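Heads up: the structure comes next, in structure tokens.
Where a number appears in this text, it was derived from the coordinates with a stated rule and is not lab data. This is a predicted model, so every value here is computed, not measured. Glycine gets a Cβ as well: all are built from the backbone with ideal geometry, and neighbour counts include every protein chain shown.
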Amino acid sequence: MPENLDPRYDHPTIEAKIYDLWEKSGFFNPDKLPYPKSAKPYTVIMPPPNANGALHAGHAVFVTLQDILARFWRMRGKRVLWLPGADHAGFETQVVFDKKLEKEGRNRFQIPREKLWQEMWNFTQENKKVMENQLRKLGASCDWSREKFTLDPDIIKEVHRTFVRLYEDGLAYRDVRVVNWCPKHKTALSDLEVKYVEREDPLYYIKYGPLTLATVRPETKFGDTALAVNPKDKRYKKYIGKEIHAQGVLGKLTFKVIADDAVDPAFGTGVIKVTPAHDSTDFEIWQRHKEEIPGLRIVIDENGRLTKETGPFAGLKVAEAREKVAEEMKRIGILEKVEPNYKHQVATCYKCGSTLEPLPKPQWFIKMKPLAEKAIKAVEQGKIKFYPDRTKKVYFHWLKNIRDWNISRQIVWGIRIPAWYHEPKCVPKRGHEGDVVKCKELIISPTEPKCEFCDAKFVQDPDVFDTWFSSAQWPFLTLGYPNGKDYKIFYPTDVMETGYDILFFWVARMIMMGLYRTGKVPFKTVYLHGLVRDKDRQKMSKSKGNVVNPLGVAETYGTDALRMALVVGNTAGNDIVISEDKIRGYRNFATKIWNIARFILMNKPEARDVRVAMRAEDKKNLAELKRLKAAVTKHIEKFEFHLAAEKLYHYVWHTFADKIVEQYKNRLRVNEPPAFGAATRPSGHGSPLHGESEAESPAKSLAGRLSGSQKQEVRGDQRAAYHVLETILLECLTMLHPFMPFVTEEIYQKLRPGQLLLVEK
RNA sequence: GCGUCCAUAGCUCAGUGGUAGAGCGCUUGCAUGACACGCAAGAGGUCUGAGGUUCAAUCCCUCAUGGACGCACCA
């Protein structure tokens, strides 16, 4: 008698057991797969989750989609490598950790670098462990033996090498520029990390001698070094190249008036003040007119407060200073008028929302143009395919207008920039006191260099790399470029599956850096999924309190249900709406599959030497199954996971369970009714109507009256019925396995003990 | 300003150049040899609007309206 299953699929115990079974098999590791040597590799590099907190619904989406790919191709005989990792997530983690410190009444600026680093190291290692177990709970069939962390020594070493190469090729350079400075986090940010928000502020019209100009930032006027107009603006032609005298807040001032195309004659009065230290456009204007006008006059510091150059306003925060300066201007009669509600975009920190302060800082930049051109070409040549295809347009647009990338961050958490600066003064070696030597001011080196000519020390740049600088190299770093065995086998990788929100941050930069270092594209296909929204289409965020904890949901309804809910209705590039109702629906589906299997197993005929006698309907049903299989395969190959999942759902429930199983019930019913029938039927229901006397099945009574050979025939038919049902069940389990790995494997274990659906063909 | 996407059932979303689909919800009836997390039957749609291409448009094209988003910005 076959083992009876419970009427409910008990996911919590089974999922843990099954994952353990898989992991112990070693088949997540492509080297250990029981496949022939000729089996082709298939590689997916996992976007490494940030090691600074728990996984969220977005992670569940990528785990599901990538695990579908990994399992599907593994079952099709490829040597699948799905390589997991974790990201130190420099600035993001620094922000999380800063908050933690704040709660403890501490502050990172008061903690010595080494101590802070150690604390953050411990913090991320803890999070990493949690995250790894969460990935296991989501069923990720990734090769843990190859897991990488972005701060592994071999990764750091290669990131350093990349930087050295870029420097030597003239693509990495250090320069003073007006950068996006967050006064709260006290670091510069890249252009991508700036969030522009619309705000209404007063627009002040200020008199500069004979001219009037409009600004929203009167507090920066102490940093003015010139006035500028458009060269074609007839109104101001007579002033160009001349000096004007103006009454300033702190006294009399003299400015040269210059002409620059950056000035829009239609805006305000068509005159601007040039404040190179506190505005990036003004900085660029100054760069173009360096000979004519003075440069950086810094009047705002790193804390967003006015410097001592501003006299009575020193120490005031920008917002207060603005009002005070305006009042003073009004008092001395240089404030012409104020437009109170001027709408404009303000640059803010994407993490804390602080208004960014444009400040001049020496930073490391990457020259992007040459890298971008190659990245554009590779995609134009079709070396990388995008899903959805339209993403390419966005990709091209960004790359064609790319600006140099500031990779310096003034934080501790990250890979330190391997740049060393010579002490300001030379310390001549003994015996060479009188020599005139030319010491190198800057050396790029992972370790502390020594000066060739003198005894002065080199001081390392305190900054760390933008986390995306190392992430951009992730595909080849994780595979052990340049000499690793894996690199030779698994690179370029097959698919990069990630969210469309990091197309520029990550995908485009991976393509650029991959091409730069390896000469090859890092992946052949990019699949971009959408962002997860709640049932009201709201973006999930902690502050809104609408975050779906995927692990909690998996706990309640099972991982398989969560995964199905994330796949069905989820098309490439479009946002994903998740609701508990939907997950519950697929939990029901898991139970359905379970009960189909339960029913079939209950009716397994005793093994007898009877010929299986197939009917026409059997062949028809198997043919339909074959068609479904072809369709599902094709959908997955085309990255149409939602269509594959929907078709499977529909077939399993509404064809297999509702029609085929019902249709075959009679044919299975050759022997006495199984004992469970009476036992499982809830008592008190139907007994009077379905009593033994009236409700004897025709098949049963038939079997009683049949001759020996006729009995053989009926049993042959019964075996055929069972055979068809079991075949369909097995095929459905196989097809469903990439989507719902746990319940399918568990049932498979009942049907084929000792084998693994994980590597079933 | 430049660009991208979306608009289909009450809700959330699939889909297709030729009778319109799913989940959830709703209505009605149900213990039927696994499943009430179930079974059966059913209601519900001018596929945003206006043009165009076509024998035929929800689908392709143009414009409009409403919504989401990205990029770049003017002080």
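A few points about this structure:
- Residues A:11, A:88, A:56, A:344, sorted so that the one with the fewest Cβ neighbours within 10 Å comes first: A:344, A:56, A:11, A:88
- Mean residue ellipticity (222 nm) of chain A, computed from DSSP H runs ≥ 4 via -39,500 (n - 2.57), nearest 500: -12000 deg cm²/dmol
- The stretch A:186-222 residues near the modelled residue A:264 label - backbone nitrogen below 19 Å, point 7 Å along Cα→Cβ: A:196-206, A:212-218
- Separation between Cα centres of the stretch A:122-142 and the stretch A:355-411, rounded to whole Å: 31
- Assigned charges on the beta-carbon of Lys, Arg, Asp, Glu; chain A dipole about Cα centre (debye): 1360
- For the stretch A:441-456 versus the stretch A:589-659, the gap between their alpha-carbon centres in whole angstrom: 70
- Filtered GluC sites (Glu not before Pro), the stretch A:602-657: DSSP coil and at most 14 other beta carbons within 10 Å: A:606
- Burial ordering of A:323, A:291, fewest other beta-carbon atoms within 10 Å first: A:291, A:323
- Among A:528, A:743, A:431 the positive-end extreme of the charge dipole of chain A (Cβ point charges): A:528
- Residue order for A:123, A:255, fewest other beta carbons within 10 angstrom first, comes to A:123, A:255.
- Amide H contacts under 5 Å for residue A:208, placed H, 5+ residues apart: A:213
- Where both bridge residues fall in chain A, DSSP classifies roughly 70% of the beta bridges as antiparallel.
- Segments A:475-487, A:734-746 sorted - mean Cβ within 10 Å per residue, highest first: A:734-746, A:475-487
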